[in-house]
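Scroll down for the structure; my scribbles are underneath it.
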Amino acid sequence: MQQQPVMRQTEISVRVRYVECDPMQVAHHSVYPVWMEMARTELLRQGGAVYRDLETRGVFFVVARMSVRYKKPAKYDDVLSIL
């Protein structure tokens, strides 16, 4: 029987900053991928890898596709959990 790969998960908290918002204090859609990248970097760190060290060794991670479904707006000063 072939063993399934283990999917690791991490969670980080992010507070929506003023600079990330539009005039109505709603987080701009372009900020969400930045927050996801922060979570991905933390996941690597928890697994014992530092992205900077991986790049030094010639290992690069490429995001080839991203899909986001916005269900509810994040607003200024909200604390979000990024999984």
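For region 1-36, the set of residues classified as at pLDDT 95 or above, within 16 Å of residue 83 (Cα to Cα) and in a loop (DSSP other than H, G, I, E, B) consists of 16 only. The residue that is farthest from residue 11 (Cα to Cα), counting only those in region 28-83 that are of a type in the set (Lys, Arg) and loosely packed, with under 12 Cβ neighbours inside 10 Å, is 57.
Taking the listed residues 64, 74, the one that is modelled with pLDDT under 95 and of a type outside the set (Val, Ile, Thr) is 64, with no other qualifying. For residue 39, the conditions (1) part of a loop (DSSP other than H, G, I, E, B); (2) touching a strand residue (DSSP E or B) at 6+ places or on another chain (Cβ under 7 Å) all hold with the exception of (1). When the criteria are applied in full, residue 77 fails the requirement of being among the acidic types (Asp, Glu), over 13 Å from the mean Cα position of the chain (by Cα) and part of a helix (DSSP H, G or I).
The values are calculated or read from the model by the stated rules, or taken from the named source; none is laboratory data. Since we're looking at a predicted model, the values are computed, not measured. FYI the Cβ positions are ideal-geometry reconstructions off the backbone, even for glycines, and counts take in every protein chain you see.
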